[in-house]
Amino acid sequence: MVLSASSFKHNWQTLKDNPLGEIAGSLGDLGTLLPLMTALAAGKSISLTATLIFSGLFNVYSGAFFGIPIVVSDPFWCFCVSPEVVQPMKAVASIALARQLSLKETMAAGIGVGAVVMLLSIVGMIKKAADLIPLPIVKGIQVGAGLSLCLNAGSMLSGLGLNGSKWDDNLFWAIGAFSILYGFSRLPKFPFALLVFLLGGIFAAVEVATSGGSLPALGFWWPFNPTIPTPAEFATGFGTAGVGQISLTILNSVIAVRYLSEDLMPTRPAPSVTALGISVGLMNLTGCWFGAMPVCHGSGGLAAQHRFGARSGTSVIILGLVKIGAGLAFGESLASLLQRFPKSLLGIMVFAAGIELASVAENLNSSAKDLLCPSSAALRIEQSRSAVHAPLRVLTDREKRERFLNMMVTAAMMLASKNTFVGFLAGVFFWALLRLQDRMETLAEARASYAPLNEASALLGR
């Protein structure tokens, strides 16, 4: 309750100080929201109405409780590039599309993953794991996820051309969006995401109207239609699309989000991995029974919202209210409009989110959390609010290089294997090899220090 009260004050003050930034930031996750969600709705693997309403409710709760823009991410990233690299729940969606899983089988995957993650959070196993994972490996996961988003953006843009045959979605618009995005990068309050949303919405509506499609129809859409998987459907859905995503959910949607929130917003209390894990579990154990898409807290979503101006939970609340309203008023009739949103604009937004996420590696060897001296850890928040700097451990050149290599081995193996867990294992193995060498050097030094004593003893013995 203390966290909620503090979050409410922070949300309200930030909205008063930076209303345009919170509104624009609420749309920052747009590039990762639309493609796969609409594809799953078209394939009847989810209910678009339930997905909009339940994820909207979860967004409102997340923004109000945590007080930072931890967005509820639907599993729609990685439309073209390996989903496992970026967000595990989005991997569920991609597997559902590839294997043509039914609505109930897709829901079973979300329910199973949510139950396991929630149980591990309650018993404290995720917290213990988070405390043991070296920070360079965590940052490697974040860098890998960020670079994977950039690859996703490239895939979205690769089908576009410069010939202008499609007036509303071509590389000219992508180049223009890129130019505006980084041409105004020194103006943090420039509402890029808001402009993209308005322009893309107009383009999509014109495309639907001129192609003879159906524009959204105003009405009332009821989301509470029970979707209960049978044991056979649960076995198929959870076994095919769920089991393999448990470790990825813990790494990407819980541990990485906690560390990312500390990096991006050091003046705010970071949510605990236990709270994040329980939240992921509750969301999937609620919405999936009604056909809503499995969801998680995405580090990429947090990076996207932050990049486009969000600095509090207000942006997530705004996004949630828009989703709820759209779901109740337009429901399934929104599918045609959402499918027409220009990929040229979405791709640039995804690219910007990826760069923002990967940029957290910048402080690995300068001001990372694990460099704080134990006695100064409590000064972390005060350090960000004032000119007071907590003492940092000084690294040798070799330590700097090895920490950087550990991070890059993790990120590179994620991309090479197209699997977050493989990248994590590679990073841990690399770290273990370094510690083994440290141990061998310590033993060698100990032997060297005893050598003169041994020689003296030998002489006395003579």
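Once you divide the Cα radius of gyration of segment 1-361 by 2.2 N^0.38 Å, the number left is 0.92. Distances between placed amide hydrogens fall under 5 Å for H297 paired with S73, all partners being 5 or more residues away or on another chain. Packing, taken as the mean count of other beta carbons within 10 Å per residue, orders the peptides 287-295, 316-324, 180-188 from highest to lowest as 287-295, 316-324, 180-188. Within the shell of other residues whose beta carbon sits under 11 angstrom from the beta carbon of S344, the net charge comes to 0, with Lys and Arg scored +1 and Asp and Glu -1.
To the nearest ten degrees, helix 273-287 and the longest principal axis of the Cα atoms of the chain are 30 degrees apart. Residues S449, S312, S102, sorted by accessible area with the largest first, give S449, S102, S312 [1.4 Å probe; ligands and nucleic acids excluded].
With everything on Cα atoms, drop me the angle between helix 103-122 and the longest principal axis of the chain, reported from 0 to 90° to the nearest 10. Compared with the principal axis, the helix lies near 30 degrees. At the listed q of 0.18, 0.19, 0.20, 0.24 Å⁻¹, the Debye profile of segment 253-302, built from one uniform point per Cα, gives log10 I(q)/I(0) equal to -0.57, -0.62, -0.67, -0.85. Solvent-accessible area per residue in the chain equals 43 Å², computed with a 1.4 angstrom probe and all protein chains kept.
Rounded to the nearest Hz, the phi-derived 3J(HN,Hα) couplings of segment 232-239 under the Karplus curve 6.51 cos²θ - 1.76 cosθ + 1.60 (θ = phi - 60°) are 5, 5, 5, 4, 5, x, 5, x, where x marks glycine and proline. For segment 1-361, the fraction of 1.4 Å probe accessible surface lying on carbon and sulfur atoms is 71 percent. What trypsin sites (Lys or Arg not before Pro) does segment 113-167 have in DSSP loop regions with at most 16 other beta carbons within 10 Å? Sparse-neighbourhood loop trypsin sites (Lys or Arg not before Pro): K166.
Between the alpha-carbon centres of segment 291-355 and segment 115-190 there is a gap of 13 Å.
The candidates F424, F66, arranged from most to least accessible area with a 1.4 Å probe in the full protein assembly, appear as F424, F66. Using Cα atoms only, what is the angle between the long axis of helix 30-42 and the major principal axis of the chain, expressed in degrees (0 to 90) to the nearest 10? For 30-42 against the chain, the angle is about 60 degrees. Remark: for residue pairs K44/K418; K139/K418; K189/K369; K128/K400, the C-alpha separation exceeds 19 Å in K44/K418; K189/K369; K128/K400.
The values are calculated or read from the model by the stated rules, or taken from the named source; none is laboratory data. Worth saying up front: this structure is predicted, and the values here are computed from it rather than measured. Neighbour counts are summed over all protein chains in view; Cβ atoms, including those assigned to glycine, are modelled from backbone coordinates with ideal geometry. Heads up: the accessible areas ignore ligands, DNA and RNA and are worked out on the full protein's heavy atoms, side chains in. Shrake-Rupley method; radii C 1.70, N 1.55, O 1.52, S 1.80 Å.
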